[in-house]
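The numbers here are math on the coordinates, done by the rules we state, and not lab data. As the structure is a computational prediction, the values presented were derived from the model and not from experiment. Note: ideal-geometry Cβ built from the backbone for every residue, glycine included; neighbour counts use all protein chains shown.
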Amino acid sequence: MMILKLAWKNIWRNKRRTFITLSAIAFAVLFAVMMRSMQEGLEEQMVKTSVENSLGYIQVHTKGYWDDRLLENGMTVSDLPIQSIKDLDNVTIVDSKLETGMITNFGTQSRGTYVLSYDIEKNLPKQVSKKLVDGKLPQNGKKEVILGIDLADYLDAKIGDTLVFLGSGYQGATAVGLYVISGLLDFHIPELNRSTTYMSLSSLQELLGAEDLVTSLMIELEKPSKLNETATNIKSVVGSDYEVMTWEELTPDLKQLIQASSAKGYIMNFILYMIISFVMFGTVLMATQERKYEMGVLQAIGMKKRSSMLLVCIENIIISIMGVILGVVAASPIAYYFYNHPLELQGDSAKAMLEMGVDPIIPFSINPMIAVNHGLIVLVISLVLVIYPLLVIKNLNPVSAMKL
Amino acid sequence: MKTIIKIAWRNVWRNKLRSGVVFTSVVLGIWAGLFVLAISFGMLEQQKRGMLESQLSHIQIHPNNYLEDVKLNHQFSDSQIKQIETVLSTNKDVVNYSKRSISEGTGTTAHGFSNLKIIGVTPEIEKQVTSIHNRIIKGSYFTKYKNRPVLIGRQLADQLHLEVGKTINISFQDKDRNFIEAGFKVEGIFGTPSQSFDKSNVFIKTEDFTNLIASQNPYIHEYAININASEKSTEVSNLITSEIKDATAQNWAVIAPELSFMNETSEASLMVILIIIVFALTFGIVNTMLMAILERKRELGMMLCVGMNKKKVFLMIVIETLFLALAATPIGLLISWGSITYFGKIGINLDSVGDALYKAGYDSMVFPEVESSAYINITVMIIIASLIASIIPARKALKYNPAEAVRAV
């Protein structure tokens with residue numbers, strides 16, 4: 001008990017030393033959290049861009065649809081427990097969706113396109129209205145489509161032109177229809193711009209001769225971090241006739257892209273931690289040197305080595321914990337600031353990111369787990385470093401330590 | 001001044017532990033900065049080289065009307081072909097070249113469809129120019145099937161559930177704009193470093209291409225040219241453009257601007273990482289020196305007492321740090337150079353995420369490499385950082401009251 005008290009007093013006795021050690025730990029946490037926030041922010045952004053553009057966080061289809069995307073593997077809307085899914089925790093939007101591949105033709109030019117349904121009343125999926133660069137969204141009840149700008153370019157078609165759509169409809173019927181272009185979309189992703197067409201769900205169902213048919217339910221989440229939990233809940237609601245897939249299963253590519261960027265991130269983190277550990281070690285080392293005299297005196301007046309080792313240990317634990325907390329507290333507002341005001345890229349690099357389908361910004365993540373994880377890592381490092389002063393005390397000769 | 005330098009020099013050697021910490025900080029900082037740069041740069045360079053070898057080559061020539069509007073009948077005329085081939089065979093920078101027929105079309109199987117760029121090549125010649133034949137994962141390179149073989153990318157194979165020996169229906173328009181559809185047998189599946197390339201490009205034989213578009217003569221839309229030094233690509237492409245009519249030669253940077261942009265994108269996040277590293281390092285030095293000043297309170301107080309003025313004490317501390325930084329720099333550079341060269345040769349294996357890296361357009365082995373100018377930049381950056389780092393503790397030392405400081409223990 002006395003040692004605890006002594007440790008507490010020691011911490012406040014030499015405020016400057018305490019402050020320096022404290023700040024070393026706090027800054028270590030700050031640097032690690034900043035770096036990881038940036039890396040995770042970029043990853044989250046990749047997911048968000050891709051998920052918002054085409055996928056939704058979770059999709060429900062008839063079992064087998066994802067492997068064999070045929071209209072015959074579609075679902076009947078009235079059979080689906082849409083309302084029960086909507087009532088689930090964390091689910092914000094349930095959007096029913098019909099999509100199929102068709103050939104579109106204008107004049108002498110033809111091209112394959114993915115035709116997707118668009119919910120005019122609910123204005124879903126949301127990104128469609130956001131990516132509209134010219135013209136307007138399709139009107140209810142009219143035979144209108146909006147399509148990617150590169151696709152329109154290839155067809156030499158512009159707003160107001162009538163396109164022929166041609167393909168196989170539901171259960172082998174031939175589907176042919178004429179639709180007027182009402183607007184153009186720019187997704188900033190060349191692949192989508194080249195191949196995507198949107199029309200209203202009812203128009204598409206009519207074209208394919210498939211009333212009441214959808215191919216998937218797209219589900220948006222309030223908290224993307226609770227992805228798997230929500231997916232399990234949905235599974236129990238829809239039963240075993242349907243497959244419930246998260247974006248990680250829907251686009252393994254994206255998952256892998258993120259893993260790849262993490263792989264690079266780990267190397268960077270490893271290097272940063274080498275520096276951080278060394279900075280912390282340097283500080284502990286100098287602090288120990290400075291206290292040799294004091295430790296010598298303590299031992300000379302009869303304090304056991306074990307007690308003074310315990311003393312240093314306790315002091316270090318208190319300072320480490322305070323430092324980590326301070327670091328987390330300092331990092332949070334900075335990460336929060338860059339989350340709201342992401343670093344914006346300019347010029348050519350911005351263009352390159354747009355090409356890859358990512359907004360040209362470097363956002364920061366505010367995932368609280370980053371601060372917790374890296375706070376703990378720094379805490380562990382700083383506790384491991386206590387070994388050094390302990391060794392010094394163990395080998396300390398009071399007489400020589402007190403000589404200046 | 002001479003005395004101060006002398007004292008500073010002795011101080012460096014007197015407390016070897018403290019000097020060691022600052023010294024190591026600087027070494028570590030230089031190494032970390034350079035190594036991080038080398039890994040990023042190495043990954044990008046590899047990706048670029050992969051793209052150039054497997055698809056782009058150094059220079060491509062297209063007809064001007066094809067560049068404006070990608071259409072089947074915007075091909076090279078016979079006189080253009082003659083002219084281009086004369087120019088290419090007389091230019092001594094040109095190593096080899098291949099000509100390609102290109103059409104936009106669609107590939108269909110029972111499992112879906114995909115928009116494709118259909119490239120007609122002459123296998124024996126294409127083999128010399130691009131490295132697709134080295135990147136065949138399954139199957140072979142135009143040796144097995146006589147009747148309409150096709151090479152497809154790994155991504156496309158996954159998407160359309162295709163395997164070697166299976167059939168893909170490819171449709172496009174012929175020269176009279178009639179729709180044609182033909183079954184092609186998958187002979188090989190290739191994997192280049194680029195996911196999007198693997199998804200949308202297929203290779204067929206020029207003769208099949210010509211037959212399908214109902215033509216007697218091949219339609220040529222593209223010349224892909226390798227030259228002996230990629231730095232000369234701008235110069236050579238300009239020269240070729242000036243010598244031919246109604247066609248333009250472009251180097252890879254013009255054809256695939258994303259390759260050069262990519263450098264800048266990753267540079268932005270790299271800058272943030274470098275800044276964090278330099279900050280961490282500066283902070284480490286500040287901390288160590290601050291602690292050192294604390295520990296040396298008595299010594300510094302003594303110096304002030306025996307008549308050394310504050311300016312000189314300040315100077316002494318700065319010079320001490322400078323000594324350490326200057327001594328550490330060559331060691332840091334040597335270690336960096338050594339480790340980058342070593343790993344540049346044997347590579348860092350990221351196999352556990354290898355597939356992920358491939359999908360993202362990288363190879364699974366990373367070979368760090370760095371431009372020589374980076375050595376200078378990083379070194380200057382670290383030395384400046386450590387100098388700034390020495391000023392803060394030195395200023396602190398000025399605030400000591402000599403009478404009190406001598407009595408400090």
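Count the net charge of all other residues whose Cβ sits under 9 Å from the Cβ of B:Q80, scoring Lys and Arg as +1 and Asp and Glu as -1. Write down the numbers at each step before the final one.
Details: positive: B:K82, B:K245; negative: B:D78, B:D246.
With Lys, Arg at +1 and Asp, Glu at -1, the neighbours total 0.
Return, for the Cα atoms of chain A, the radius of gyration and Dmax in Å, separated by a comma.
30.8, 101
Taking only the alpha-carbon atoms of region B:1-45, what semi-axes of the equivalent ellipsoid follow from 5 times the gyration tensor eigenvalues under a square root, in whole Å, largest first?
36, 12, 4
Identify all aspartates and glutamates with a Cα-Cα distance to A:K131 below 16 Å; exclude those on the same chain that are fewer than 8 residues away in sequence.
Once the sequence-local aspartates and glutamates are set aside, what remains near A:K131 is A:E52, A:D119, A:D150, A:D186, A:E191, A:E355, A:D359.
In whole Å, largest first, what are the principal axis extents of the Cα atoms in region B:54-256?
48, 36, 27
For chain B, take the longest principal axis of its alpha carbons; what is the angle in degrees between that and the long axis of helix B:78-90, to the nearest 10 within 0 to 90?
Once rounded, the angle reads 40 degrees.
Using all C-alpha to C-alpha distances in region B:6-105, build P(r) with 5 Å bins and read off the rounded percent in each one.
Cα pair-distance distribution for region B:6-105, in percent: 2, 9, 11, 11, 10, 8, 6, 6, 5, 5, 5, 5, 5, 4, 5, 3, 1.
Treating the angle as unsigned and between 0 and 90°, give the value, to the nearest 10°, between the Cα long axis of helix A:227-238 and the longest Cα principal axis of chain A.
Between the helix axis and the principal axis of chain A, the angle is about 40 degrees.
For the protein assembly as shown, take every pair of Cα atoms, bin their distances at 20 Å starting from 0, and report each bin as a whole percent.
Pair shares across the bins are 13, 37, 28, 16, 5, 0.
Report relative contact order for chain A in percent, whole number only (criteria: Cα-Cα under 8 Å, sequence separation at least 6). Present the calculation step by step, with values, prior to reporting the outcome.
Working: 654 pairs, mean separation 110.8, N = 404.
The normalised contact order for chain A reaches 27 percent.
Work out how far the C-alpha atoms of region A:56-249 reach from end to end along every principal axis, then list the three figures in whole Å, largest first.
50, 35, 28
Put one equal scatterer on each alpha carbon of region A:18-75, apply the Debye formula with no solvent term, and list log10 I(q)/I(0) at q = 0.25 1/Å to two decimals.
Log-scaled intensity ratios, in q order: -0.96.
Tell me, how many Å apart are the Cα centres for region A:368-404 and for region A:26-51?
Value for the Cα centre distance between the two parts: 29 Å.
What base-10 log of the normalised intensity I(q)/I(0) is obtained for chain B from the Debye formula, alpha carbons as equal point scatterers, at q = 0.06 Å⁻¹?
Cα-only, vacuum Debye calculation for chain B: -0.42.
Considering only Cα-Cα distances, which of the following residue pairs are longer than 28 Å: B:K71/B:K92; B:K117/B:K185; A:K158/A:K223; B:K6/B:K399; B:K92/B:K117; B:K138/B:K205?
Numbers: B:K71/B:K92 32 Å; B:K117/B:K185 17 Å; A:K158/A:K223 40 Å; B:K6/B:K399 23 Å; B:K92/B:K117 32 Å; B:K138/B:K205 18 Å.
Correct reply: B:K71/B:K92; A:K158/A:K223; B:K92/B:K117.
Cut-off under 18 Å on the C-alpha distance; same-chain residues fewer than 8 positions from B:K312 excluded. Which aspartates and glutamates are left, in chain and number order?
Once the sequence-local aspartates and glutamates are set aside, what remains near B:K312 is B:E299, B:E320.
At a threshold of 8 angstrom on Cα-Cα distance, excluding pairs fewer than six apart, so keeping six or more, what relative contact order does region B:54-256 reach in percent?
On the way: 423 pairs, mean separation 70.7, N = 203.
The normalised contact order for region B:54-256 reaches 35 percent.
Round to a whole angstrom and tell me the spacing of the C-alpha centers of region A:195-212 and region B:197-242.
Going from one Cα centre to the other spans 39 Å.
222 nm [θ] for chain A, helices only, -39500 (n - 2.57) per DSSP H run of 4+, per residue, to 500? Let's see the in-between values first.
Details: 16 runs with 218 residues, N = 404.
Taken over chain A, the calculation gives -17500 deg cm²/dmol.
Report, to the nearest 10°, how far helix B:257-295 tilts away from the longest principal axis of the Cα atoms in chain B, using its own Cα long axis and a range of 0 to 90°.
Helix B:257-295 and the main axis of chain B meet at about 10 degrees.
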